[in-house]
Amino acid sequence: MALKVTVTSTKGGVGKTTLTANLGGLLADLGQKVLLVDVDVQPTLSSYYPLELRAGHGLSSLITEGLVDGIVSRTAIAQLDLILSDDPEGMLQNWILHTPDGRVRLKHILTRFDETYDFILLDTQGAVGPLQDSAILSADLLVSPIPPEILSAREFARGTVQMLDRLRPMAFLGAPLGPLRGLIYRMDRTVDARRIAQELCREAYGPSKGAITILDTVIPNTVAYREAATARVPVHRWEPQRQGPTPSAREAMLALVFELFPHLADKTLECEGAQ
Ligand SMILES: Nc1ncnc2c1ncn2[C@@H]1O[C@H](COP(=O)(O)OP(=O)(O)OP(=O)(O)O)[C@@H](O)[C@H]1O
Ligand SMILES: [Mg+2]
């Protein structure tokens, strides 16, 4: 059965797509069969990795027609597949809004991929809307990158909790919310960033408090993440090691994967050092 993980944030530009792509690439190199789903009208995840096979259909056909054949594209990374975003006009938002079971459709259709994949990773748009809702409701686990500036930390506490509280009643429609893991993301080595991270870990989050935890792993702000995106390779391959106190992308991403998915702790990288 595939574990569904949705990367979400009510704020744009925080690193969701980068994180989703790199999580997918690392999980695949750890021997997992992974399906990425680009649930964003701006198809950034769709073009993150080179494609070996481009399917004729994508997310729209999946959601509106329940199409599962001819919908999965294959990336150049072994074991890493992708459902493309194919909704440049943003029609899906409206369609979901006006379809009675719109928001829970994606969740139900994705179960058709349960036997084929170990992980399904969904990337979302940095806003609130019916399409984002449906990605959130599809997830067993939510991961939310939080840049350690005060505004982002506050936005996380306010926006994310509001979003979760609003969607919580969907449990009555068979779509209970998965727990949310906040990930301190793009951390730089300044005192201020560390203080904010500590504050965030301590803060209370109202009714959703028990469902939100902040991960111990921190992803640093380094140029490797941008360089790897430009080179179109997973960042753990791009930066296997580095000098100094900041962990390499390989160390940081491995720590994240093992913290999120402890059952993978005995797995080792199959493409050690490959670029
Ligand atoms: N750990 C990191 N360190 C430094 N830069 C990073 C890191 N992760 C991502 N970036 C850069 O931050 C920018 C935004 O990242 P990304 O596109 O992943 O954000 P997003 O949340 O998906 O944005 P949107 O809301 O527009 O979809 C990109 O230029 C990316 O290369
Ligand atoms: Mg994005």
Residues within the range 7-57 that are of a type in the set (D, E, K, R) and within 10 Å of Thr124 (Cα to Cα), tallied: 3
Residues of the range 82-136 satisfying the condition of being within 22 Å of Leu27 (Cα to Cα) and among the hydrophobic types (A, V, I, L, M, F, W, C): Leu82, Ile83, Leu84, Leu110, Phe113, Phe119, Ile120, Leu121, Leu122, Ala135, Ile136
Tabulated pairs, the range 7-25, first without any contact (Cβ under 8 Å) to a residue 24 or more places away in the chain, second among the β-branched types (Val, Ile, Thr) and part of a helix (DSSP H, G or I), C-beta under 6 angstrom, 6+ apart or interchain: none
Lone unmet requirement of (1) β-branched (Val, Ile, Thr); (2) part of a helix (DSSP H, G or I); (3) under 18 Å from the mean Cα position of the chain (by Cα) for Val128: (2)
Filter result (over 11 Å from Asp86 (Cβ atoms), touching a residue at least 12 places away in the same chain (Cβ under 8 Å) and not β-branched (Val, Ile, Thr)) within the range 37-53: Asp40, Gln42, Leu45, Tyr48, Tyr49, Pro50, Leu51, Glu52, Leu53
Single residue of the range 219-245 satisfying the filter (more than 9 Å from ligand 1 (Cβ to nearest atom) and buried (at least 20 other Cβ atoms within 10 Å of the Cβ)) that is nearest to Ala139 (Cα to Cα): Pro234
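Matching residues to (1) under 18 Å from the mean Cα position of the chain (by Cα); (2) closer than 21 Å to Val235 by Cβ; (3) of a type in the set (Val, Ile, Thr):
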position: Leu19; (1), (2), (3): yes, yes, no
position: Gln32; (1), (2), (3): yes, yes, no
position: Leu45; (1), (2), (3): yes, yes, no
position: Ile77; (1), (2), (3): yes, yes, yes
position: Leu82; (1), (2), (3): yes, yes, no
position: Asp86; (1), (2), (3): no, no, no
Verdict on Gly159 being within 16 Å of ligand 1 (Cβ to nearest atom), in a helix (DSSP H, G or I) and surrounded by fewer than 22 Cβ atoms within 10 Å (Cβ to Cβ): yes
Any hit, the range 21-34, residues being at pLDDT below 95 and either within 16 Å of ligand 1 (Cβ to nearest atom) or not charged (D, E, K, R) (or both): no
Residue count, the range 9-33 (criterion: surrounded by fewer than 24 Cβ atoms within 10 Å (Cβ to Cβ) and within 22 Å of Ala157 (Cβ to Cβ)): 6
Cβ-Cβ under 7 Å pairs, at least 6 apart or on other chains, the range 96-124 side part of a loop (DSSP other than H, G, I, E, B), far side surrounded by 13 or more Cβ atoms within 10 Å (Cβ to Cβ) and not aliphatic (A, V, I, L, M): Thr116/Lys33; Tyr117/Lys33; Asp118/Gln32; Asp118/Lys33
Checking Asp69 against (1) in a loop (DSSP other than H, G, I, E, B); (2) closer than 23 Å to Gly25 by Cβ, the condition it does not meet: (2)
Any hit, the range 80-87, residues being within 16 Å of ligand 1 (Cβ to nearest atom), surrounded by fewer than 17 Cβ atoms within 10 Å (Cβ to Cβ) and under 30 Å from Ala153 (Cβ atoms): no
Residue match in the range 83-93 (condition: part of a strand (DSSP E or B), touching a helix residue (DSSP H, G or I) at 6+ places or on another chain (Cβ under 8 Å) and within 25 Å of Phe261 (Cβ to Cβ)): yes
Residue list for the range 120-144, restricted to those being touching a helix residue (DSSP H, G or I) at 6+ places or on another chain (Cβ under 6 Å), within 13 Å of Thr17 (Cβ to Cβ) and away from ligand 2 (no atom under 13 Å from the Cβ): none
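The values are calculated or read from the model by the stated rules, or taken from the named source; none is laboratory data. Everything numeric in this text was worked out from a predicted model, so none of it was measured. Here Cβ is always computed from backbone atoms with ideal geometry, including for glycine, and neighbour counts include all displayed protein chains.
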